[in-house]
Structures are given as structure tokens and as C-alpha cells.
Amino acid sequence: MSRATIERFYAAFARLDADTMQACYAPDAAFDDEVFSLRGREQIGGMWRMLCSATQATGRAHWALDVSDITERSAHWDAHYLFSATGRTVLNRIDAEFEFDAQGRITRHRDRFDFASWARQALGLPGWLLGWTPFLRHKVRAQAARQLQRFLQRG
């Protein structure tokens, strides 16, 4: 059942279908990656809606998702997209780990990626110079949290 949830989740992501992605999470789920630390299906779903809508706004021609190595508790995915804040092309390589409830819904989702590599691609020169620093990581996390809060308030 958990593998089927992972497959459903990434099939929805490939279509930029944030509602189906959100439905894969349990109400009290947790999500963590290098940028976000979120609690609850509503907050997590809001992040996916924000990211999917930003990707749709830049055009599907710039979007591709390649998923591989799916197991009962993990997957690898490569996201190809334009970073909306800078218009720069990004290839982000991500390893995901999952935990599930008895109904097969995601209770814990942890994505890991090389933040410095992402920063170089997404931010250009500032990413090259500062991508390895806690300063830039904290700045990006704070900005992303503000953007998500504004997005959720707009509803």
C-alpha cells in the first residue's frame, strides 16, 4: 500500500496536481526538506499548491519530473524546472523517505538534496558564493516561509 501511495503522489506531481498530492498525506503529517519544515496536511498541501502553481506559471515546457528507485519507504526524484524568482533553470536531485499510517497515508516525508548545488543553479552568483553557508540557507528558508504564509492567506 505504501508503494502505491508513493507512485500516486509522484504521478500527481508530474501532472502538477497538488490536490491529489495533498490527499496522500495524513492530517497530522510532517514534511521536512532543506527549505521547508511543515506540519499538517493543510500546510504541506499549501506548499505543493504554491510550488505547482509557480511551475505552471513558468510554463509546462520547462517542467519535468523523473522518478526512480521507488520502494515501500523511499524514492529518488529529479525535478527539472525554472526557479520562478530568478527564471534560472534548475535540476534538483532529491532522495525522499516516507513513513505511513495504517491507511497508507504519508505521516512523515523527508526530502534530502544538495542545497549548495540547488543554490548555484537557482540563484546564480550569490548561490555560487554563499550556497554552502548557513546564512544563505537560513535566508532562503525564511523567505520561503514568508511566501508560503502569504500564499496560504490568499487561499
Single residue of region 3-22 satisfying the filter (over 15 Å from the mean Cα position of the chain (by Cα) and either hydrophobic (A, V, I, L, M, F, W, C) or closer than 21 Å to residue 81 by Cα (or both)) that is surrounded by the fewest Cβ atoms within 10 Å (Cβ to Cβ)
4
Looking at region 25-37, is at least one residue closer than 11 Å to residue 106 by Cα, touching a Phe, Trp or Tyr at 6+ places or on another chain (Cβ under 6 Å) and buried (at least 16 other Cβ atoms within 10 Å of the Cβ)?
no
Which condition from (1) more than 16 Å from the chain's Cα centre (by Cα); (2) of a type in the set (A, V, I, L, M); (3) closer than 30 Å to residue 1 by Cβ is the one that residue 136 breaks?
(3)
Give the number of residues within region 29-72 that are free of Cβ contacts under 8 Å to residues at least 24 places away in the same chain, assigned to a helix (DSSP H, G or I) and basic (Lys, Arg).
1
With respect to residue 77, determine if the residue is touching a residue at least 24 places away in the same chain (Cβ under 8 Å) and assigned to a helix (DSSP H, G or I).
no
Candidates 151, 115, 135, filtered to the one that is out of contact with any Leu (no Cβ under 6 Å at 6 or more places or on another chain) and without any contact (Cβ under 8 Å) to a residue 12 or more places away in the chain:
135
Taking region 53-88, which residues are farther than 18 Å from residue 140 by Cβ and open to solvent by 80 Å² or more (accessible area, probe 1.4 Å)?
56, 57, 60, 61, 62, 69, 72, 73
Qualifying residues in region 105-155 (those that are under 23 Å from residue 41 (Cβ atoms), part of a loop (DSSP other than H, G, I, E, B) and at pLDDT 95 or above) - the one most open to solvent (accessible area, probe 1.4 Å)
105
Are any residues in region 40-49 under 14 Å from the mean Cα position of the chain (by Cα) and either within 19 Å of residue 77 (Cα to Cα) or surrounded by fewer than 15 Cβ atoms within 10 Å (Cβ to Cβ) (or both), and if so, which ones?
44, 45, 47, 48, 49
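The values are calculated or read from the model by the stated rules, or taken from the named source; none is laboratory data. These numbers were taken from a predicted model, which means no experiment stands behind them. With ideal geometry, Cβ positions are generated from the backbone for all residues, glycine too; neighbour counts draw on all protein chains shown. Calculation scope for accessible area: heavy atoms of the full protein, side chains included, ligands and nucleic acids excluded. Shrake-Rupley method; radii C 1.70, N 1.55, O 1.52, S 1.80 Å.
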